[in-house]
């Protein structure tokens with residue numbers, strides 16, 4: 001089993017960006033430009049490596065390879081994005097890899113593109129790229145090329161050697177368990193063994209509502225691979241497990257005028273098999289709450305007024321300051337109730353929310369996370 005943290009270190013230490021490996025400071029698939037560039041790189045790496053895995057490492061400075069990290073990214077719907085925009089799409093896996101020196105909410109993203117037979121191309125127009133375009137890697141750059149370009153397999157032995165040097169061992173496993181227990185000691189960390197092979201660590205702040213147990217600030221890592229399977233600072237989460245599986249159900253708190261309710265968002269089930277493999281399956285549970293349209297029109301217009309004041313640097317009233325705290329969630333609710341422009345307004349608000357406070361910016365990112373799950377399901 002490959003230790004993904006060690007794999008990232010080996011990629012960074014021994015390779016410049018090339019035809020099987022790319023690195024990014026960050027990606028933004030919430031914006032059309034960022035989504036288009038990400039799809040271009042996936043297409044190019046897939047076409048350039050027909051016989052071996054390709055990788056994108058995210059959260060690394062380009063100049064000196066410093067590992068600075070990015071936000072935890074829930075990849076459960078990323079394959080749906082790939083399938084929607086690419087013809088003959090490769091299998092793409094996005095994993096969140098924790099590093100001990102990073103803050104709790106930061107990881108390194110590792111994108112693995114698995115080899116397939118056939119040519120991958122854009123299925124339809126996106127940003128400035130036309131449907132039907134085919135991309136390949138030209139050194140460290142993803143470039144459009146002709147269909148009849150000759151593909152040479154020059155990377156298989158190199159990639160195989162890197163993966164072989166990144167295999168897990170008992171020292172890495174034990175170090176990973178102790179790192180987790182020490183880092184999460186304020187939230188009752190535990191470790192579980194599945195099938196006498198897999199080591200899973202998890203922690204969370206326990207809460208009880210009407211005889212039901214939930215957890216917040218949940219962190220779950222598969223130590224064998226050094227992969228963070230789940231992390232959330234906001235959601236309420238229920239956790240259940242048996243000898244073969246670990247099950248997580250996320251809930252989100254949504255409502256108007258301080259009358260919030262918990263709505264199930266998504267179920268994640270990790271099943272461990274006897275042949276030293278595991279499956280991670282997600283199921284969207286979310287049903288958008290519906291509210292009175294007149295009330296929503298009033299809230300939507302109030303949000304727009306607040307946004308305009310933020311743009312102009314005009315001071316907010318006490319009531320507007322209170323409403324600003326709920327602005328990401330209420331724009332989200334408006335969008336889910338068919339106010340289609342609400343998501344554009346939410347994106348317009350991004351720089352102002354980020355400048356206002358980290359807490360408010362966190363709520364903005366949480367709203368986008370829910371939107372992404374719903375959109376690509």
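With the Cα gyration tensor of the range 1-63 giving a ≥ b ≥ c as the square roots of its eigenvalues, does the rule (a/c under 1.5 for rounded; else a/b larger than b/c for prolate; else oblate) give rounded, prolate or oblate? Note, shape of the range 1-63 comes out oblate. Here the relative contact order of the range 140-291, from alpha carbon pairs under 8 Å that lie six or more residues apart, stands at 12 percent. Helix 327-336 and the longest principal axis of the C-alpha atoms of the chain enclose an angle of approximately 80°. Please list, in order, the residues from the range 261-289 whose amide nitrogen is less than 17 Å from a point placed 7 Å along the Cα→Cβ vector of residue 167. Zone members listed by number: 276-277.
For the options 287, 221, 63, a Gaussian network treatment of the chain with springs between C-alpha atoms closer than 10 Å singles out 63 as fluctuating the most. Relative to the dominant Cα principal axis of the chain, helix 342-356 is inclined by about 90°. Here is the size of the range 169-311 from its Cα atoms: Rg then Dmax, 19.5, 61 Å. Largest GNM mean-square fluctuation among 269, 228, 137, using the chain with Cα springs under 10 Å: 269. Among 192, 229, 122, the residue with the largest mean-square fluctuation in a Gaussian network model of the chain, with springs joining Cα atoms closer than 10 Å, is 192. Here the label points at residue 208 and residue 358, each 7 Å from Cα along the C-beta direction, are separated by 3.3 nm in the simple model.
Approximating the spin labels as points 7 Å out from Cα along Cα→Cβ, the residue 319-to-residue 84 distance works out to 3.8 nm. Projected onto their three principal axes, the Cα atoms of the range 4-164 cover extents of 45, 35, 27 Å, largest first. Ordered by the count of other Cβ atoms within 10 Å of each Cβ, fewest first, 310, 12 give 12, 310. Out of all DSSP beta bridges with both ends in the chain, state the antiparallel percent to the nearest 5. Close to 95 percent.
Would you mind getting me the FRET efficiency between residue 127 and residue 18? Use the beta-carbon distance for r and R0 = 25 Å, nearest 0.05. Walk me through the intermediate numbers first.
Working: r = 25 Å, r/R0 = 1.00.
Taking R0 as 25 Å, the efficiency between residue 127 and residue 18 is 0.50.
Could you tell me how many degrees, from 0 to 90 and to the nearest 10, lie between the Cα long axis of helix 170-183 and the main elongation axis, the longest principal axis, of the Cα atoms of the chain? Its long axis makes an angle of about 20 degrees. Applying 1/(1 + (r/R0)^6) with r as the Cβ-Cβ distance of residue 312 and residue 190 and R0 = 35 angstrom yields a FRET efficiency of 0.10.
Of interest is the spacing of the C-alpha centroids, which for the range 26-57 and the range 277-346 amounts to 31 Å. Separation of the range 355-377 and the range 130-196 by C-alpha centroid, Å? Computed from Cα coordinates, the inter-centre distance equals 27 Å. Length, then width, then depth: along the principal axes, the Cα atoms of the range 293-375 run 34, 29, 18 Å. Ordering 172, 340, 298 by the number of other Cβ atoms within 10 Å of each residue's own Cβ, fewest first, gives 340, 298, 172.
Using a simple spin-label model with pseudo-atoms 7 Å out from Cα toward Cβ, residue 240 and residue 216 lie 2.4 nm apart.
FYI, it's all coordinate maths here, none of it is from the lab. Just so you know, these numbers come straight off a predicted model, no measurement behind them. Note: ideal-geometry Cβ built from the backbone for every residue, glycine included; neighbour counts use all protein chains shown.
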